[in-house]
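Reading through the structure tokens given below for one structure.
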Amino acid sequence: MECSGKRAWSKLTRAELDDIRIDRPDDPVRTSVRKKWDTIAKPIDGMGRFEKITARIGAITGSDEINLSSKAVIVMCADNGIVNEGVTQTGQEVTALVAQSMAKGRSSVCRMGRQIGAKIIPIDIGINCDSSIEGVLDRKIRKGTRDFLTEPAMTEEEAVRAIGVGIDAVRECREHGVNIIAIGEMGIGNTTTATAVTSALLHLDPDRITGRGAGLSDEGLERKKQVINDALEKYKLDDKDALTVLEAVGGLDIAGLAGVCIGGAIYHVPIVLDGLITMAAALVAEKLAEGTAEYLIPSHSGREPAVRALEEALGMSPVIYGDLALGEGTGAVMMLSLLDLAMSIYHDNTDFAEIKVEQYKRYDDR
């Protein structure tokens, strides 16, 4: 499918979504980045997984002159009708309140983003409120999803439009010179939707991978597991495609984030994942547009038990193990800061000749 830079992806149709094809990242550039690391005065693979991650970024962007100076954090905000079923500690009103805090630069991700010069872009893709929130991009598909225990969360049209919003967000960032995008979310109830999507797509028992979200009691956790089990039984999702699963038990934030992941692959912009919700979105994206996962960068291994299954399914090894569960993209922003540190060595390095030491030789291809 031809992907014009000026295309309005928010008008995406199911047929057009099915027709998206993802190119492979540039493997010769990947090799070039690895060779450049080997010329730096340090032990072979001394920067560990950061050497492979930066090589992946080079392959994504098509250049070994890696530039991460312009950073953005796209935060998809949406409400979930499943909160009606008692699966959360707080009500939907919290989503709008936190989005307002983001718009004012007061939320956790905003404070962290300022430290590394990352622009925070909150997007209302489905907050359950009537009015627009000043400082939050209004891309609302509907005022929250439906309660998926009683009816599918979204229609096919709504899910596809939300994916298109995410692709558009990447296009707009690229047109403004953004080099790398981190993603996050805000939406009460979205650990339930993300776990349901993960359970369905990976054929996993919800009792094994469902976590406490923002702090459920034992009773609340059991209720959450039961709701997910009942929904999976209701919709018979074992053999369904990713879009059908997304429509049935997903969220508008997950759909929008899946679009961002696909947009990263279309426009060759590396996308840094956060925790459970963004990783569930990444899984949806990979199943909708095979090859998308090659354009994604893991950040941290979150607290929710479903994260481990998603890491394995996506073939990803996060570098941060901090038991994080804040959301908003905060773990991804931490990863951006670590990438900045790695780039300080990659760009302003000392080679072996300068210190009069013979260059180390690589004897394997790990």
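What follows is calculated from the coordinates using simple rules that are stated; it is not laboratory data. Here the structure is a predicted model, which means the values were calculated and not measured. Cβ sites come from the backbone with ideal geometry, for glycine too, and all protein chains shown count toward neighbours.
Descending by average beta-carbon neighbour count within 10 Å, the peptides 109-120, 190-201 line up as 190-201, 109-120, the highest first.
Remark: spin-label model distance residue 221-residue 175 equals 4.7 nm, labels positioned 7 Å along the Cα→Cβ axis. Applying the Karplus relation 6.51 cos²θ - 1.76 cosθ + 1.60 with θ = phi - 60° to segment 11-17 yields 3J(HN,Hα) values of 9, 4, 10, 4, 5, 5, 4 Hz, where x marks Gly and Pro. Here are some pairs, 119/224; 11/140; 240/287; 11/143; which of them have Cα atoms lying more than 23 Å apart in this structure? From 119/224; 11/140; 240/287; 11/143, over 23 Å: 119/224. For residue 141, the residues whose amide H sits under 5 Å from its own are 126, ignoring neighbours fewer than 5 places away on the same chain, with H placed 1.01 Å from N.
Listed by chain and number, the aspartates and glutamates whose alpha-carbon sits under 12 Å from that of residue 35, ignoring those within fewer than 8 places in the same chain, are 45, 51, 64, 365.
Fewest to most neighbouring Cβ within 10 Å: what's the order for 344, 299, 63, 107?
344, 63, 107, 299
The GluC sites (Glu not before Pro) of segment 122-159 that meet both conditions, a loop assignment by DSSP and at most 13 other Cβ atoms within 10 Å of the site Cβ, are 134.
For residue 63 and residue 11, the difference between the fully extended length at 0.36 nm per residue and the C-alpha to C-alpha distance is 15.6 nm.
Here the chain is scanned for chymotrypsin sites (Phe, Trp or Tyr not before Pro) in DSSP loops (not H, G, I, E, B) that have at most 14 other Cβ atoms within 10 Å, and the longest stretch holding none of them is 1-320. With contacts taken as Cα pairs under 8 Å and at least 6 residues apart, the chain reaches a relative contact order of 23 percent.
So for 11, 71, 224, 42, fewest C-beta neighbours within 10 Å to most, what's the order?
Ascending number of Cβ neighbours within 10 Å: 11, 42, 71, 224.
Screening the chain for DSSP H helices whose Cα atoms reach 20 Å or more along their own axis and whose mean Kyte hydropathy is at least 0.0 gives 252-267, 330-347. For the chain, modelled as a GNM whose springs connect Cα atoms under 10 angstrom apart, the maximal fluctuation among 14, 56, 34 occurs at 14.
With the simple spin-label model, which puts each label point 7 Å out from Cα in the Cβ direction, the residue 203 to residue 337 separation comes to 4.2 nm.
Consider a paramagnetic label point 7 Å from the Cα of residue 353 along Cα→Cβ; state which residues of segment 14-38 have an amide N under 20 Å from it. Backbone N within reach: 32-38. Comparing 205, 147, 323 in a Gaussian network model of the chain, where Cα atoms under 10 Å apart are tied by springs, the biggest mean-square fluctuation is seen for 323.
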